[in-house]
């Protein structure tokens, strides 16, 4: 077992980048080292720093034949026709929670998880029988609604692989705490075809 202690955010980023570039050419290590030195001097958030390191890896890495074929055909590298939903089956007091931070970096609370959203579901709805719906069925049918989508930057590697989807307003379900959820399935009459 290989254990490497990481005492700071930069050490974690360095460990991840080093692990990902194990089978890469030698110049990847020097490129990552340069990127880490640059971001240590910056005053930006950790997600931006990690993004810069990942982009540096992508700029100097070798591309496999399979990845090259996917990119030439504009096939998304990250999507799949199958999805997986992780349900943490530990006791409630043993489950982990994701902290919510404000812009200044202070903790403001926790993000709601799938169990909390299930508890706060409406018991009466004209289209769905939430009272009889199991947690698994709820997890398969609904996802949280976030009003702002994460904007893609010009450095995004797969931006050309995604077709422009029409902006279809999916019906929103309001939970008891005011949060919203939307149906994951395409609206009725919308046909999605994936060719393999």
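Is one or more of the residues making up the stretch 152-174 within 17 Å of residue 116 (Cβ to Cβ) and modelled with pLDDT of 70 or more? Yes - at least one qualifying residue is present in the stretch 152-174. Being at pLDDT 80 or above, over 20 Å from residue 47 (Cβ atoms) and not in a loop (DSSP other than H, G, I, E, B) is not true of residue 112.
Taking the condition at pLDDT below 70 and part of a loop (DSSP other than H, G, I, E, B), does residue 103 pass? So residue 103 fails the test.
Within the stretch 1-19, track down each residue that is modelled with pLDDT of 80 or more, over 25 Å from residue 63 (Cα atoms) and touching a helix residue (DSSP H, G or I) at 6+ places or on another chain (Cβ under 7 Å). Once the filter is applied, which keeps residues that are modelled with pLDDT of 80 or more, over 25 Å from residue 63 (Cα atoms) and touching a helix residue (DSSP H, G or I) at 6+ places or on another chain (Cβ under 7 Å), the stretch 1-19 yields 9, 10.
Screening the stretch 20-45 for residues that are assigned to a helix (DSSP H, G or I) and within 11 Å of residue 57 (Cβ to Cβ) and picking the one that is modelled with the lowest pLDDT gives 20.
The values are calculated or read from the model by the stated rules, or taken from the named source; none is laboratory data. As the structure is a prediction and not an experimental result, all values here were calculated from the model. Quick reminder, even Gly has a Cβ in these numbers, built from the backbone with ideal geometry, and neighbours come from all protein chains shown.
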